[in-house]
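Scroll down for the structure; my scribbles are underneath it.
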Amino acid sequence: MLLFDYHRPTTVAETAALMAELGEDAELLAGGTSLMNLARLGLAEPAHVIALADVGELGGLDATPDGGLQLGATTTIRHVETSPLVRGRAPGLAEACGHVATVRIRNQATVGGSLVHADPNQDLPPMLMVHDALARITGPNGDRSVPVAELFLGFFETVVQPEEILHSIVVPPPARGFRAGYLKFLPRTKDDYSTVAVAVGLTAEEGRVTAARIAVAGGGSTPLRCTAAERALVGTIPGEATALAEAAALVREALDPISDARGSSGYKREMARVCTTRLLRRLGTEDAG
Amino acid sequence: MTLDQTPMPAHAAEDVAMFARPEVRHEGALKVTGAARYTGDHHPAGMLYAACLGSPVAHARITSIDTSAAEELPGVVAVLTGHDVGHVLFGRHLRDMPVLARDRVLFIGQRVAAVAAETREAAEEAVRLIEVDYDDLPAVFDPREALTDGAAVLHPDAASYGTIKGARTPVGHPNVQGELVHGCSEAELEEAFAAADLVVEHTFRTPRQHQGFIEPHGAIVWFEGEICHVVSTNKAPFGLRQQLAAATGHPEDRIVVHNRFIGGDFGGKGFSVDEFVCFYLARKTGRPVRSVMSYVEELSATAPRHAAELVLRTGVRRDGTFVAHSADVVFDGGAFAGAKANADLILHGGFDTMSAYDVPAMRHRVRTIYTNALPGGHMRAPGEVQAVFAGESHVDLIAGELGLDPVDLRRRNLPPRCPLAAEVLDRAAAVLPRPAGRGRGTGLALYRRQGGTGKGGVVVRALGPDRFEVVTGSADQGSGTVTMIARVAAAALGVAEDRIEVVQRSTADALYDAGAGASRVTRVLGDATNVAATELRGRLATATEFPVEVACVVEAPRGEDNPAFGACAVEVTVDELTGEIRVERAVLVADSGTVINPIAHRGQLEGGFAFGLGAALMEELLVEEGQVLAGSLGDYKLPTAPDMPPLEIVTIASGQGLGPFGAKPVGEFGNLGVPPAIANAVERAIGVRLMVLPLTAEAVWTALHGSPSEH
């Protein structure tokens, strides 16, 4: 690992100024659980590291007045997982956070880091996608909002530009009758990235699905929403066997995973189908939260 | 082979009774307070940092090396290539590894150049500035292919290699590292097979595995005059001293190895790599030089468990009696044999495919083969893990062919006059009744393992009437050596344990010991301590002046019969839609003899089970065309605490071992039966037989549903 200069700005403005000055030699550091691993492997070689730990504006976990949530980029995964506010307003998000690596890593890793790192196996992106969460990005030309579902471009690549900072994530208030769940398939050890993982959000009114969201981690070069499968569920009875089998088959068809030590491409697609089926069945029997 | 149990000398009941009290680790306080200094904690004044350049290609001629940019980097003190070091070969037995490659590289990760610099960062940066041109050569990655005509020959000069003890016994094919045939003649074997009602043959494969210790390999070397000092992670300090002397020509009595605390071993810390290049860097710079491997290097440039292919053939009578057994075991030895400690350059564990049974005609052929990948090394029960997976899977398959109960088949073939074996088997079988219903099954594996031997000595010294020290040259890699020695000394002297201090000394100030390997430490050093302390106790009756000391060197003869039987039984559930195997509960039965450190003993068995669980379900160091695919323990997965099932440990304290007070070896015992027990349970649960480790969910799923379509 190369030595780097370490900077500790205290405001977003100061951070932006440092980024402008240091250019592409600089990397932002939140929890460091990804950046430091990449640096040790020689895959990242920043000459400057700008630590965000003291930038108070980027932290925090707040209720929004409309009943949603705002998660600061440097909020730890563990904070989200254990927050009563999150458990009340978006229990599926707390559930997904509880599946990230180990407690020790969750105490260190951050919401923003797990998004901008853009590893397609991360647990938070699919769950934020099913919540229609928005990423607030701040840059030289002001702020912009991008749906988390549109944040990812490819392996380790997002729409966040080099001069921009992921500021926070806004989780809109869930619709009445909304429920979400996460199923992470871990056939080796409980401390692993998933072979595949599926997040599902269902909104039901009067016994019918009015809106569905399905997103998958590990199914391709980015976390992926499976819109065809979502459409197939609208109008069906939650948990109804034929409908969920059809949706699960469409999830399988939407994916193009890489083959690696966690499974072949074809196996991962099959497992996404099985996990979707099981999760839809589970959500079909749960009451809306 | 004899399994008759010789009666052991009786010990005073009160002496042995003290072993029932759970031990407190003598070195524990140092470790938990951070005061214990591991290799990486040493910073001798003026120390330089070493970094090495590894080959990026699997087999190539080196056409040029340009180190000029590296030499000019600020902070760099020395740069070495193979031409600077010269033709220096090292190894634990066979010296076939160059300190730095000169004209050819044989695996990705092989050391090509080294830098010593004022900072680790400068050393690493300098390594990246070294330019090497390679001319690719045909590489061979499959051991069986390496034995075919026209295969690339890795070591054209193999016949000229020496061992640490002199000349080498010539081998047949140039790509063979070692070959040993054991057992009856081919004619006798075929005659025995001819008398069988049924002959079954199966082929099993097991992968490379990394030992998974947390502390990576590291070393510090410095000179004081002509004396070469070494602190390293090597768990056999006297072995390292001998290897350094053999390779460098530096006199053995002018090398002092100071190893004490080692952060995990599991077989991997008997092999040294960068100690040798540090020697040359220290000699060139006149300053202490330290190397600590990164985990990328640890996974790609050390010596993991040998991958193996095992072809087992067994003849049985219809009633289940085994009449003949043969095994052809091929280990992938990688590019160098230097990581293997024995003169045969094979893994003798390969002979243990049917070690728990009485088979009248047996013949094993065990080979290790050169391939263009990282060298094969030792890992917790080397060879046995592979052999017992194959053998105990094979036995269940035979039971299936004959329609016999697998436990009954095993019981029928146990060695005669060996009630311990039957007790171990029955205790394991009794714990887990056969569950009903598809998707749930139990499986069992039985094994017998011989403990390690060799030479080792201690000095037991009375500093006063009730104050003692035991001086040992053994490094403690975490298994509890120091505490074991203290407790044995206390029992033999008939004094309280807190009256004993165990003092670990360098190779210059302690009696020789062959090192912490092959589960030999309690057998040999425990025995030496017991003998010396017993003798000292006698002398104390008349002693008036202190100190009084007794030195004792014990040599346990190679091949001595000190077997222990073990069995593992598991209950699994298998998810047929995903292929996921879950171990719901498990039992481990160990014939441990007298237990000296009850907590460490339990830790060895529980940790051994976890180790076996990793081998069974997840561990595989993937190597593709010679390239190791894991760069960290985030890729190479080990089991963690939540993966462990409820585990019952049953100890049969027979007191019949050859160790002190009847102790038996336990260090490489808990892991052996886990993979075949799980494989056997999976077959009973869903009718799928897996013959390749690890037993992945995808392998189960594919066996049930066929290969998944790609699109």
- Specify whether the C-alpha gyration tensor of region B:453-556 places it in the rounded, prolate or oblate class, a ≥ b ≥ c being the square roots of the eigenvalues: rounded for a/c under 1.5, otherwise prolate if a/b is larger than b/c and oblate if not. prolate
- Options B:Ala60, B:Gly673, A:Pro174, ranked by Cα towards positive dipole end of the protein assembly as shown, top entry (Cβ charges): B:Gly673
- Query: In sequence order, what are the phi-derived ³J(HN,Hα) couplings for region A:187-200 according to the Karplus relation 6.51 cos²θ - 1.76 cosθ + 1.60 with θ = phi - 60°, rounded to whole Hz, with x for glycine and proline?
  - Reply: x, 9, 10, 5, 9, 7, 6, 6, 5, 8, 9, 10, 10, 10
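Please identify every one of the trypsin sites (Lys or Arg not before Pro) in region A:1-94 that sits in a loop by DSSP and has no more than 16 other beta carbons within 10 Å of its own beta carbon.
When the trypsin sites (Lys or Arg not before Pro) of region A:1-94 are filtered for loop state and at most 16 Cβ neighbours within 10 Å, nothing remains.
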- Query: Sorting B:Leu180, B:Leu511, B:Leu704 on the 10 Å Cβ count, fewest up front, what's the list?
  - Reply: B:Leu704, B:Leu180, B:Leu511
- Task: Enter the per residue convex hull volume of region A:135-289, computed from alpha-carbon coordinates, in Å³ rounded to the nearest integer.
- Result: 126 Å³
- Give the whole-number value, in cubic angstrom per residue, of the convex hull volume spanned by the C-alpha atoms of region B:390-478. 233 Å³
- Per-residue ellipticity at 222 nm attributable to helices in chain B (runs of n ≥ 4 DSSP H, -39500 (n - 2.57) apiece, nearest 500 deg cm²/dmol) works out to -7500 deg cm²/dmol
- Message: Averaged over its residues, how many other protein chain Cβ atoms are within 10 Å of peptide A:182-191's Cβ atoms?
- Response: 6
- Message: Under a Cβ-only charge scheme (Lys and Arg +1, Asp and Glu -1), can you give me the dipole magnitude of region B:537-624 about the Cα centre, in debye to the nearest 20?
- Response: 640 debye
- Which is the longest stretch in chain B that no exposed loop site breaks, taking sites as GluC sites (Glu not before Pro) with a DSSP loop state and at most 16 other Cβ atoms within 10 Å? B:227-544
- Query: What does the charge add up to near B:Ala246, with Lys and Arg as +1, Asp and Glu as -1, over the other residues with Cβ less than 11 Å from its Cβ?
  - Reply: +3
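Taking a 19 Å limit on the Cα-Cα distance, which of the listed pairs A:Lys190/B:Lys31; B:Lys235/B:Lys340; B:Lys235/B:Lys637; B:Lys269/B:Lys340 fall beyond it?
A:Lys190/B:Lys31; B:Lys235/B:Lys637
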- Report the dimensions of the protein assembly as shown along its three principal axes from the alpha-carbon atoms, largest first, rounded to Å. 89, 74, 67
- Message: Which of the three applies to chain B, rounded, prolate or oblate, going by the alpha-carbon gyration tensor with a ≥ b ≥ c and a/c under 1.5 meaning rounded?
- Response: oblate
- Taking alpha-carbon centroids only, region B:411-454 lies from region B:691-709 a number of Å equal to 27 Å
- Two-site label geometry, B:Arg144 and B:Ala187: point separation in nm, points 7 Å out along Cα→Cβ: 3.0 nm
- Using alpha-carbon positions, what is the distance between the centroids of region B:172-243 and region B:509-557, in Å? 29 Å
- Assigning unit charges at the beta carbon (Lys, Arg +1; Asp, Glu -1) and nothing else, what dipole magnitude in debye, to the nearest 20, does the protein assembly as shown show about its Cα centre? 2080 debye
- If one computes the Cα centroid of region B:117-155 and of region A:118-138, what distance in Å separates the two points? 42 Å
- Message: Please compute one quarter of the surface area of the Cα convex hull for region A:102-177 and express it in square nanometres.
- Response: 6.0 nm²
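For region A:5-51, report the convex hull volume of the alpha-carbon atoms normalised per residue, in Å³, without decimals.
In region A:5-51, the Cα hull volume divided by residue count equals 62 Å³.
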- Task: Grab the beta carbon distance between B:Arg318 and B:Thr169, set R0 = 56 Å, and tell me the FRET efficiency rounded to 0.05.
- Result: 0.80
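Going by the alpha-carbon gyration tensor, a ≥ b ≥ c the square roots of its eigenvalues, is chain A rounded (a/c under 1.5) or, if a/c is not under 1.5, prolate (a/b greater than b/c) versus oblate?
Judged from the Cα gyration tensor, chain A comes out prolate (a/c at least 1.5, a/b above b/c).
Values in this text are rule-based calculations from the coordinates and carry no lab data. These numbers were taken from a predicted model, which means no experiment stands behind them. Please note: Cβ atoms are built from the backbone with ideal geometry, for glycine as well, and neighbour counts cover all protein chains shown.
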